[in-house]
Structure formats: structure tokens, C-alpha cells
Amino acid sequence: EPEVTQTPSHQVTQMGQEVILRCVPISNHLYFYWYRQILGQKVEFLVSFYNNEISEKSEIFDDQFSVERPDGSNFTLKIRSTKLEDSAMYFCASRSTGTGGSSSTDTQYFGPGTRLTVL
Amino acid sequence: DAKTTQPNSMESNEEEPVHLPCNHSTISGTDYIHWYRQLPSQGPEYVIHGLTSNVNNRMASLAIAEDRKSSTLILHRATLRDAAVYYCILMSGANNLFFGTGTRLTVIP
């Protein structure tokens, strides 16, 4: 069964450094997402991406964050200058347009996550 | 994002059925009810969704109240692999999932 993959599984970085988290969504999917989960807390939406542009973003997704689909397969999340509070699990997800063509009925498929630790 | 209310935790014995409740009293007519789960140290995983009628798939069943103000996810025979946090989420054209705190299911061998 096709799956979303993410690399690296664990990233350790110093505060103020830039990090790029990588995701390979399921190949025929058109919508892409990043979520994060701080240890012991809820899964939080960061950003959605469709047709090579951001379709929606949360308040968390400030100017320090950016997303890109540099080629036909990868979807990346960049954090320009990491802060201690950016330490979290970051999940990538993707979906196709389902039978109804509606996000209300579509399934999002999540990757295994990248654990980001900012020291 | 419409709100859902779930118990913080539930326990079940292995190989017994589990009924996980969700209240969504402010649900609108176009909201679909989705269930996802998150196994330990993994990303969320889709379980099932429905609108008005009860739904079955290979993982679970979803029973939706007639007034749609509540629903129940039914695992017919809980296994140790079903130990996870289960999230009930309402979707109505929103592009993204809003996760609450969910119900942590513990399966007792």
C-alpha cells in the first residue's frame, strides 16, 4: 500500500539554525499538509498546499516557516531560525480528491513524522 | 472548527468490543464525522468516516445517532494493537484536520 515517507526520522539542531524537513507524499495525491505535535500535546495544523501554493495556514505558521514542492515528489518544510519551542514531531500528510471530490470525505494519509529537537 | 467532546481515556479487555463515544452537539448538516487514531510513536491514521448512516469497514464500525449530535466508534474485538489515542473530528469542507485531545484507549491483555 502506498505510504507517505518522511526524512530524517530525528533531527537535532542548535537554536537559530535552519532546518529542512522532507516528505514524499503518495504519488497521485494533490493536497499536502504539515502538522506538528509538541510532546504530550495535541496534533496541530500548520499549513496546507495545493497547486504549488499555500491554500491555508495557521497562526503557528509565521514568517520563520516556509514550504516548497521543489520537484514532482518532495514536499519540504523549512524553519529558517529555529527556536527551542519548535521542538516537536512534525507530520506530513497528503490526500487525493476522493470520490466526492470534497475534503469532507477525503482521507488524509500521514507520514511517520520527524522528531525535531532544538538545543 | 466544530467542537467534539470525548472521554480522556477508556480501558478494554483484549478481544472484547469497545465503544468509543463522541459528542458533537453543534454539528452542522454538512459536517462529516471522521475518526482517526494515533498509535504510540506514529502519525495519525484514518479509521472511518460517515455523514448520517452507520458505516462499517475492515477496521471498525461507526454508529451515528439519529440527530447526529453524537456518534460511537465500535471496535468489534479489541487487540493490543488497537491501543492508541482515538480522535473524533468534524469535517465540512475545511481543508485541514483539527485534532482535539481524543480518547486514550488502553487494551488489557
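Some notes on this structure:
- Per-bin percent of Cα-Cα distances, chain A [10 Å]: 14, 48, 31, 7, 0
- Qualifying GluC sites (Glu not before Pro) in segment A:28-119, where qualification requires a DSSP coil assignment and no more than 15 other C-beta atoms within 10 Å, comprise A:GLU59.
- Under the Debye formula (equal points on every Cα, no solvent term), log10 I(q)/I(0) of the protein assembly as shown at q = 0.12, 0.13 Å⁻¹: -0.66, -0.78
- In sequence order, calculated HN-Hα J values of segment B:64-81 (Karplus, 6.51, -1.76, 1.60; Hz; x Gly/Pro): 10, 4, 4, 8, 6, 8, 8, 8, 9, 8, 10, 9, 6, 9, 5, 10, 4, 6
- Binned Cα-Cα distances of segment A:41-94, short to long, each 5 Å bin given as a whole percent: 4, 16, 31, 27, 15, 6, 1
- For a paramagnetic label modelled on A:ILE20 (point 7 Å from Cα along Cα→Cβ), amide N atoms under 20 Å away belong, within segment A:61-76, to A:62-76.
- Neighbour counts of other Cβ atoms within 10 Å put B:ASP67, B:ASP82 in the fewest-to-most order B:ASP67, B:ASP82.
- The P(r) of segment A:16-61 has a tail past 12 Å containing 70 percent of all C-alpha pairs.
- Percentage, to the nearest whole number, of Cα pairs in chain B over 25 Å apart: 14
- Proportion of all alpha-carbon pairs of segment B:10-68 beyond 18 Å (%): 43
Only the coordinates and a few stated rules stand behind these numbers; no lab work does. Quantities reported herein were computed from a predicted structural model and do not represent experimental measurements. So basically every Cβ, Gly included, is an ideal-geometry build from the backbone, and we count neighbours across all protein chains shown.
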